[in-house]
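Here the structure comes first, spelled out in structure tokens, and everything after it is commentary.
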Amino acid sequence: MNKELTPKSFIKNSIFFIALIGVTFIILFKDNNLNDIILEVKNSDKVYVLIGIICTLVYVICETINFRTILKFFSYKKSFLSILKYPFIGFFFSSITPSASGGQPMQIYYMSKDNIEVSHGSLAIFMEFASFQFVTILLAIFSFILNFELVKTFNPVIITLIIVGIIFNILILLFILCVIFSKKFTEKIANFIFWIVKKIKFIKIDSLKEKFYEQVEEYQRGAIFIRQDKIIMIKVIFTTFIQVCALYSITFWVYRALGFSQASFIEVMSLQAILYVAVSGIPLPGAVGASESSFLRIFKTIYPSSVLSSAMLLSRGISFYLFVLISGVVVMCTQVILSKRKNALM
């Protein structure tokens, strides 16, 4: 997990990511007047748009607080600003790599450049990931129950995505809990899975097992820490709850920015919680394409068809595309600083 993403992989992932965005927008907007959509966005209430952008910053700040809380336990005296870059780095590389596979390794890589031990960086990320998983699945289940009658009216494909997404995230959460509370049980499950995978000839089982057990070892270290200091984990979960709610609430502020007020804060946010879990298991960079098309199908229940595309563009623009752009700038600045630091030592 501590390997740097190679320039070749970075370029390849970036090109694929940009191409995916291009194809997505061509498909989604081919039957819409782009000028009308842009006009709707321009006429939106800028105060609510600003609140949405602030919520994105709250999301970043909460993750920074979590990292600082955990790293402080290991006696790292890092300033808030020095840690602030890690959430941006994680978001950027998660967004441009399939299944968000690049985010965590790159966070660990940049942490190591700040003299944070790989084991401690991995632990900080494990705790953030575990709490994020717990909060998102909790909110998804609550939202699913709250909107059950409405969900039944959704397109069958969307219903399938929601159910698969919830099951997928529950399985990940159960795996984390198994790692925390039972190493032997985890190994038994792993051996069973590898026995099945071994039957698939084209998968390199040895390489897969090595990576898996490396990951489990890191999770085990995190598990020991969690069992020793439960208060810190409770603090992290509480902060993550605020973090996720801030992210989900962006959709509500967009709803208000476009002049609507019929649906409540809880109604809009719960639909966003359902959308998030529905696309979370799709192995596309940033869930691009899946998120946009699913938004149009889920949120047509609260938006008139005439402004639905504008709502999607504004919502994704604030919560994802703007965030990716800012994160990319942060990554570039961080890399420039590291290069200057390296040259100064030569």
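The values are calculated or read from the model by the stated rules, or taken from the named source; none is laboratory data. Keep in mind that this is a model prediction, so the values were computed, not measured. Glycine also receives a Cβ, built like all others from the backbone with ideal geometry; neighbour counts cover every protein chain displayed.
Here is a check on your reading of the model: is Leu28 part of a helix (DSSP H, G or I), modelled with pLDDT of 80 or more and of a type outside the set (Val, Ile, Thr)?
Here the answer is no, as Leu28 does not meet what is asked.
Hey, among Ile189, Ile226, which residue is of a type in the set (A, V, I, L, M, F, W, C) and either part of a loop (DSSP other than H, G, I, E, B) or modelled with pLDDT under 75 (or both)?
None of the other options fit; the residue is Ile226.
Quick one: Phe25 ticks every box in (1) among the aromatic types (Phe, Trp, Tyr); (2) closer than 20 Å to Thr251 by Cβ; (3) under 20 Å from the mean Cα position of the chain (by Cα) bar one, so which box is it?
That leaves (3) as the condition not met.
Within segment 137-158, how many residues turn out to be in a helix (DSSP H, G or I) and surrounded by 15 or more Cβ atoms within 10 Å (Cβ to Cβ)?
The total comes to 11.
Which residue is surrounded by the most Cβ atoms within 10 Å (Cβ to Cβ), if the candidates are limited to segment 85-116 and must be farther than 21 Å from Leu57 by Cβ and free of Cβ contacts under 8 Å to residues at least 24 places away in the same chain?
For segment 85-116, the residue satisfying everything is Ser101.
Looking at the structure I just gave you, is Phe17 modelled with pLDDT under 85, under 30 Å from Ser309 (Cα atoms) and within 20 Å of the chain's Cα centre (by Cα)?
The answer is yes for Phe17.
Please go through segment 118-136 and give me each residue that is surrounded by fewer than 22 Cβ atoms within 10 Å (Cβ to Cβ) and within 20 Å of Ile89 (Cβ to Cβ), ordered by number.
Val118, Ser119, His120, Phe129, Phe132, Gln133
Evaluate the following for Ile65: is it at pLDDT 85 or above, assigned to a helix (DSSP H, G or I) and more than 30 Å from Arg221 (Cβ to Cβ)?
Judged against the criteria, Ile65 is not a match.
Of Ile274, Ile282, Ile266, Ile298, which residue is among the β-branched types (Val, Ile, Thr) and not in a helix (DSSP H, G or I)?
The unique qualifying residue is Ile282.
So that you can scan it fast, the table gives a plain yes or no per residue for (1) over 20 Å from Ile163 (Cβ atoms); (2) among the charged types (D, E, K, R); (3) without any contact (Cβ under 8 Å) to a residue 60 or more places away in the chain:
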{"position": "Ile242", "(1), (2), (3)": "yes, no, no"}
{"position": "Trp253", "(1), (2), (3)": "yes, no, no"}
{"position": "Arg256", "(1), (2), (3)": "yes, yes, no"}
{"position": "Gly259", "(1), (2), (3)": "yes, no, no"}
{"position": "Ser264", "(1), (2), (3)": "yes, no, yes"}
{"position": "Pro283", "(1), (2), (3)": "no, no, no"}
{"position": "Ala287", "(1), (2), (3)": "no, no, yes"}
{"position": "Ile302", "(1), (2), (3)": "yes, no, yes"}
{"position": "Val307", "(1), (2), (3)": "yes, no, no"}
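Go through (1) without any contact (Cβ under 8 Å) to a residue 12 or more places away in the chain; (2) buried (at least 22 other Cβ atoms within 10 Å of the Cβ); (3) not aromatic (Phe, Trp, Tyr) and name the single condition Leu81 misses.
(2)
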